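Undergrad: What follows is a single structure, and I will ask about it in a moment.
The values are calculated or read from the model by the stated rules, or taken from the named source; none is laboratory data. Bear in mind the structure is a predicted one, so any value in this text is a computation, not a measurement. A quick note on method: Cβ atoms are made from the backbone with ideal geometry, for glycine too, and the neighbour counts reach across all protein chains shown. Note: areas computed on protein heavy atoms with side chains; ligands, DNA, RNA excluded. Shrake-Rupley method; radii C 1.70, N 1.55, O 1.52, S 1.80 Å.
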Amino acid sequence: MIAQAREWLESAASVAVLTGAGISAESGVPTFRGPGGLWRNFRPEDLATPQAFERNPQLVWEWYDWRRSLIAKAEPNAGHRALVQLEQQKRSFWLVTQNVDGLHDRAGNRRISKLHGDIWTVRCLGCGKASRNDQVPLTTLPPRCECGGMLRPGVVWFGEMLPQQALEQAYFAAQRAQVFLVLGTSSLVYPAAALPRVALDRGARVIEINLEPTELSSLAQVSLRGKVGELLPQIVTGNK
Ligand code: BV8
Ligand code: ZN
């Protein structure tokens, strides 16, 4: 299976990647679902929604402030680094991430679409201004804009539209890919989870790496069980 995956990846001219929280787990950033997940005492719909923020901005900001403090201490891991190597090796490469932690950017990937936004940006509900804010911890919750308006995290919540350009880039990459890597995602959240299916419909080879089986596992031609940080470097050639 690993040899097959390595051979397919090596001979592919065009590669697309979809990552989820699992690739950042080895950097110490908790995942959303599964053991030790972020959502353990909340349902995702309870926190990551505009209604939850409307109802209790303080609670939602406490959650994001806690995550920002964890992410600030995190470093990209071998899985992130293998994707930087892959971007450098491939003429046609695109990385689509559901993660908002910014670890792919810090690792050095440039050809990237962030489908669910970025935890280090904030947006004012008053004047609409978006800006970068990397203050950890935040001194006031919820943080305020200089116009006095309330700031929200610059992320995409359930029921909210994804950034149009990022989504278009992602679909285009999925349609063009000869090999589509799906790394550390439960493949439950749409429209991100539709991307590997788009690639499959176009005859791409889908290689999944996950600790456990997912909704996608039965559709992927290769589904490797294990840690992204351990298995991905084994299929990205040029690694010992
Ligand atoms: C939208 C906020 C259009 C940012 C997030 C019914 C059916 C189908 C769809 C829907 C439905 N009802 C509602 C919908 C739409 C909804 C949706 O998909 N719901 C799901 C739950 C059914 N989607 C939306 O609302 C999207 N918007 O559709 O807009 C629209 C507009 C208006 C009206 C109608 C429609 C918006 C989706 C974005 C939601 N925002 N988060 C943040 O705070 O981070 S989603 C949240 O889940 C995160 O963003 C995260 O990225 C995402 C996906 O989770 P994963 O990344 O996969 O992480 P997870 O913990 O689940 O899994 C980790 C995996 O890694 C596990 O499998 C684990 O085994 C593995 N793993 C762990 N460690 C490792 C590992 N693998 C390898 N190595 C390891 N070391
Ligand atoms: Zn403002």
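Undergrad: Could you compute how much accessible surface Leu47 exposes when probed at 1.4 Å, giving the result in Å² to the nearest 10?
TA: 0
Undergrad: Additional query: Could you tell me which of Pro163, Gly108, Val17 has its Cα farthest along the dipole of the chain towards the positive end, charges placed at Cβ (Lys, Arg +1; Asp, Glu -1), taken about the Cα centre?
TA: Projecting each Cα onto the dipole axis, the largest value belongs to Gly108.
Undergrad: About its Cα centre, what dipole magnitude does the chain give when the only charges are +1 on Lys and Arg Cβ and -1 on Asp and Glu Cβ, stated in debye to the nearest 20?
TA: Rounded to the nearest 20 debye, it is 360 debye.
Undergrad: So, counting K/R as plus one and D/E as minus one, what does the shell of residues with Cβ under 13 Å around Ala170 add up to?
TA: That sum, taken over residues with Cβ under 13 Å, equals +3.
Undergrad: Net charge near Gly117: determine it from the other residues with C-beta under 14 Å of the C-beta of Gly117, scoring Lys and Arg +1 and Asp and Glu -1.
TA: +2
Undergrad: Right, another one. Classify the range 63-171 as rounded, prolate or oblate, taking a ≥ b ≥ c as the square roots of the eigenvalues of its Cα gyration tensor: rounded when a/c is under 1.5, otherwise prolate if a/b is larger than b/c and oblate if not. Write out the running numbers ahead of the final one.
TA: Values: a/c = 2.73, a/b = 1.58, b/c = 1.72.
It is oblate, given that a/c is not under 1.5 and a/b is not larger than b/c.
Undergrad: Restricting to the chain, compute how many DSSP beta bridges are antiparallel as a %, nearest 5. Could you put the intermediate results ahead of the total?
TA: On the way: 8 of 31 bridges.
Restricted to the chain, the bridges split so that about 25 percent are antiparallel.
Undergrad: Okay, next question. Can you give the local net charge around Val100? Use residues other than it whose beta-carbon is closer than 9 angstrom to its beta-carbon, Lys and Arg +1, Asp and Glu -1.
TA: 0
Undergrad: If you take the square roots of the eigenvalues of the alpha-carbon gyration tensor of the chain and sort them as a ≥ b ≥ c, do you get rounded (a/c under 1.5), prolate (a/b over b/c) or oblate?
TA: prolate
Undergrad: Also: Take the solvent-accessible surface of the protein heavy atoms, probe 1.4 Å, and return the percent of it on the chain that carbon and sulfur atoms account for.
TA: C and S fraction of accessible area: 52 percent.
Undergrad: Continuing with this model, one more query. Whenever you get a sec, line up Arg225, Arg43 from highest to lowest accessible area (probe 1.4 Å, protein heavy atoms).
TA: Arg43, Arg225
Undergrad: Right, another one. Quick one: length gained pulling Gln164 to Ala74 fully straight, 0.36 nm per residue minus the C-alpha distance? Show your work: numbers first, answer last.
TA: Working: separation 90, 0.36 × 90 = 32.40 nm, distance 2.89 nm.
The span from Gln164 to Ala74 would gain 29.5 nm if fully extended.
Undergrad: When ranked by the protection proxy of mean other Cβ atoms within 10 Å per residue, highest first, what sequence do the peptides 126-135, 54-63, 24-33 form?
TA: Ranked from most to least packed, the peptides come out as 24-33, 54-63, 126-135.
Undergrad: At 0.36 nm per residue, and after removing the present C-alpha to C-alpha distance, how many nm does the segment from Met1 to Tyr190 gain when stretched out fully?
TA: So the chain would gain 65.3 nm between Met1 and Tyr190.
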